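Enquirer: Here's a structure for you.
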Amino acid sequence: MENRWSDLKIRVYSSNLLGADENLVLAGGGNTSVKCEDILYVKGSGWSLAEIKEEGFAPVKLQALLDMVKRETLSDSEMVRLQREAMINRDAPNPSVEAILHAIIPFQYVDHTHADAVVTISNSKRGKEIIEELYSDFVIISYVMPGFILAKEVYELSKNIDWQKINGIILHNHGIFTFDDCAKKSYSKMIEAVNRAEEYLKEKANVEIKEQKITKNYDLEELIRVLSKEKGYEVTLKVDNSDLAIFYSNQENLKEFASRGVLTPEHIIRTKREPLVLEDDDFEQKLQEYKLEYEKYFKTFAKDEVMLNPAPNYIVAKGFGVISIGKNEKEAELISQIVSHTMMAVLRADKLGGYESISLKDSFDMEYWELEQAKLKAKA
């Protein structure tokens, strides 16, 4: 009789469980893997955990990944090339940029999410202190760029780690890893770990928002007309007039308050680092000021990068709420989801001493990530 057991099918099932909760992953974020003998099956580029199937996992030779991490340096483009060369199925999607990190964690199942509660705490000014208090059984790593640099950091630290004594890894301003040789146990470790953060926030940083009313209106047709011209395509707007969005838009010193960066690095590719903040009706003037500030930010850190379109990807409009800007309904909705989770995180982190995202330089490095830039330069 044929043995039909499949570790990959179990991997798909628990990945879907993680992806089903927006408080764990958004916008295709997070990644998972399973080691089957000498092959690492890791989430492929373009797949979301909520919808991933067996064909969404990239099969990569484990030893090739372990050899890569021993290099002193490795560019993202070179890493992608080497990972594809090490795949046993060339029709599979590109492996996650975290494939090397998954490989060096010596357990069969590895789960990685951007859990709101965990990142909310680590994005507070007391974040390091609180995370160390809550996660004494985790390895805790200060923010570094995802991909090879992060994998190298963990690899060096792991030389002194007894992996059997730790339950996961916290990446400040980024997310959380759990792992086990049993998929159910790795998933359960993730839920238990995130619950610690959620319970802490409920006790120390609970946010209650009463019913809010719109006190100001904006000409959405004008916004569509001007933004479409700036973006070079007909934009779609997603308006969020929820109590949370209106409350958020009514904060004092709104521009400073709402411009403190992303919740987790991957979001910046969708939202940019900051929104356009409107506190009056002079939209076109504020838009031009926003573009000038964005160009200044670009020139401060750019080397040979191609500047992205400087127009905003969402707007915080005082007394009204949040307006997300997409090239279609799906993109606008996705940006709106990210911003909604970010708003609550900011409000909670402020109760822990203040919200504090990654630096401007780190933001630029993520927004102008080498692999995304390669696509733009190829079109130029």
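Enquirer: Expressed in nm², what is the orientationally averaged projection area of the convex hull enclosing the Cα positions of region 132-250?
Expert: On the way: hull surface 49.7 nm².
The directionally averaged projection comes out at 12.4 nm².
Enquirer: How large, in percent, is the carbon and sulfur part of the accessible surface of region 119-235 at a probe radius of 1.4 Å?
Expert: Numbers: 2800 of 6230 Å².
Here carbon and sulfur together make up 45 percent of the probe-accessible area.
Enquirer: Report the trypsin sites (Lys or Arg not before Pro) located in region 238-314 that are in a DSSP loop and have at most 15 other Cβ atoms inside 10 Å of their Cβ, or state none. List each step's numbers first, then the result.
Expert: On the way: sites: Lys238, Lys255, Arg260, Arg270, Lys272, Arg273, Lys286, Lys291, Lys296, Lys299, Lys303; in loops: Arg260, Lys272, Arg273, Lys303.
Sites meeting the loop and neighbour criteria: Lys303.
Enquirer: So, one more: Starting from the Cα gyration tensor of the chain, multiply each eigenvalue by 5, take the square root, and state the resulting semi-axes largest first in whole Å. If you can, show how the numbers build up before the last one.
Expert: Details: eigenvalues 259, 118, 75 Å².
One finds semi-axes of 36, 24, 19 Å for the chain.
Enquirer: Test of understanding: in a Gaussian network model of the chain with alpha carbons linked when under 10 Å, which of Gly56, Gly168, Gly232 would top the mean-square fluctuation ranking?
Expert: Maximum among the listed residues: Gly232.
Enquirer: Right, next: With springs connecting C-alpha atoms under 10 Å apart, model the chain as a Gaussian network and identify which of Ser75, Ser15, Ser363 has the largest mean-square fluctuation.
Expert: Ser75
Enquirer: Give me the extension gain from Glu234 to Lys303: residue separation times 0.36 nm, minus the current Cα-Cα distance, reported in nm with one decimal. Can you show the working numbers first?
Expert: Numbers: separation 69, 0.36 × 69 = 24.84 nm, distance 3.11 nm.
Stretched out fully, the Glu234 to Lys303 stretch lengthens by 21.7 nm.
Enquirer: Relative to the longest principal axis of the chain, what angle (0 to 90°, nearest 10) does the C-alpha long axis of helix 329-350 take?
Expert: Relative to the chain, helix 329-350 is tipped by roughly 90 degrees.
Enquirer: Looking at the chain, what % of its DSSP beta bridges pair antiparallel, to the nearest 5?
Expert: On the way: 34 of 41 bridges.
If I count the DSSP bridges inside the chain, around 85 percent turn out antiparallel.
Enquirer: Solvent-accessible area per residue for region 132-275 at a 1.4 Å probe radius, Å²?
Expert: That works out to 51 Å² per residue.
Enquirer: Using only Cα atoms, locate the centre of region 8-70 and the centre of region 314-347, then give the distance between them in Å, rounded to an integer.
Expert: Region 8-70 and region 314-347 have Cα centres separated by 28 Å.
Enquirer: For helix 148-158, what angle does its Cα long axis make with the longest principal axis of the chain, in degrees from 0 to 90 and rounded to 10?
Expert: 50
Enquirer: Suppose every Lys and Arg Cβ carries +1 and every Asp and Glu Cβ carries -1, with no other charges. What dipole size does the chain come out with about its Cα centre, to the nearest 20 debye?
Expert: Details: 50 positive and 64 negative charges, 99 e Å.
Using Cβ point charges on Lys, Arg, Asp and Glu, the chain gives about 480 debye.
Enquirer: Considering only protein heavy atoms, what is the solvent-accessible area of Glu192 at a probe of 1.4 Å, reported in Å² to the nearest 10?
Expert: Counting only protein heavy atoms, the figure is 90 Å².
Enquirer: Pick out which of Val119, Val34, Val207 has the largest mean-square fluctuation in a Gaussian network model of the chain, springs linking Cα atoms closer than 10 Å.
Expert: So, out of Val119, Val34, Val207, the one fluctuating most is Val207.
Enquirer: Can you tell me the orientation of helix 370-379 relative to the chain, as the angle in degrees between its alpha-carbon axis and the longest Cα principal axis, to the nearest 10?
Expert: Value to nearest ten degrees: 70.
Enquirer: For the full complex of protein chains and a 1.4 angstrom probe, list Tyr13, Tyr368 by accessible area with the highest value first. Please report the intermediate quantities before stating the final value.
Expert: Working: Tyr13 140, Tyr368 10 Å².
Final ranking, largest accessible area leading: Tyr13, Tyr368.
Enquirer: Moving on to the next point. Take the alpha carbon gyration tensor of region 262-322, find the square roots of its eigenvalues, order them as a ≥ b ≥ c, and report rounded if a/c is under 1.5; if not, report prolate when a/b exceeds b/c, else oblate.
Expert: Numbers: a/c = 2.93, a/b = 1.45, b/c = 2.02.
Judged from the Cα gyration tensor, region 262-322 comes out oblate (a/c at least 1.5, b/c at or above a/b).
Enquirer: For the pair Glu203 and Arg4, how long in nm is the line joining their label points, each one 7 Å along Cα→Cβ?
Expert: Roughly 4.8 nm, to one decimal.
Enquirer: Ordered by packing density, taken as the mean number of other Cβ atoms within 10 Å over each peptide's residues, highest first, how do 110-116, 42-48 rank? Kindly include the intermediate steps, with their values, before the conclusion.
Expert: Numbers: 110-116: 26.9, 42-48: 19.7.
Averaged packing, sorted descending, gives the order 110-116, 42-48.
Enquirer: Any idea what % of Cα-Cα pairs in region 185-247 are farther than 17 Å? Display every interim value, and only then the final one.
Expert: Working: 1301 of 1953 pairs.
Cα-Cα pairs in region 185-247 separated by more than 17 Å: 67 percent.
Enquirer: For n ≥ 4 DSSP H runs only, could you compute -39500 (n - 2.57) per run for the chain, divide by its residues and tell me the 222 nm figure to the nearest 500? Please list the in-between numbers first.
Expert: Values: 16 runs with 170 residues, N = 380.
Estimated from H runs of four or more residues: -13500 deg cm²/dmol.
Enquirer: Any chance you could run the full-extension gain for Glu51 through Glu22? It's 0.36 nm times the residue separation minus the Cα-Cα distance, nm to one decimal. Please list the in-between numbers first.
Expert: Details: separation 29, 0.36 × 29 = 10.44 nm, distance 1.29 nm.
Separation in residues times 0.36 nm, less the Cα-Cα distance, equals 9.1 nm.
Enquirer: Which FRET efficiency value, to the nearest 0.05, do you get for Glu211 and Glu279 by plugging their Cβ-Cβ distance into 1/(1 + (r/R0)^6) with R0 = 22 Å? Walk me through the numbers before you get to the answer.
Expert: On the way: r = 22 Å, r/R0 = 1.02.
E between Glu211 and Glu279, to the nearest 0.05, is 0.45.
Enquirer: In addition: Between Glu329 and Lys165, with labels modelled 7 Å along Cα→Cβ, what's the label distance in nm to one decimal, could you check?
Expert: My value for the distance between the label points is 5.5 nm.
The values are calculated or read from the model by the stated rules, or taken from the named source; none is laboratory data. Computed from a predicted structure; not experimentally measured. Neighbour counts run over all protein chains shown; Cβ positions are idealised from the backbone, glycine included. In case anyone asks, the SASA skips ligands and DNA or RNA and just uses the protein heavy atoms, side chains included. Shrake-Rupley method; radii C 1.70, N 1.55, O 1.52, S 1.80 Å.
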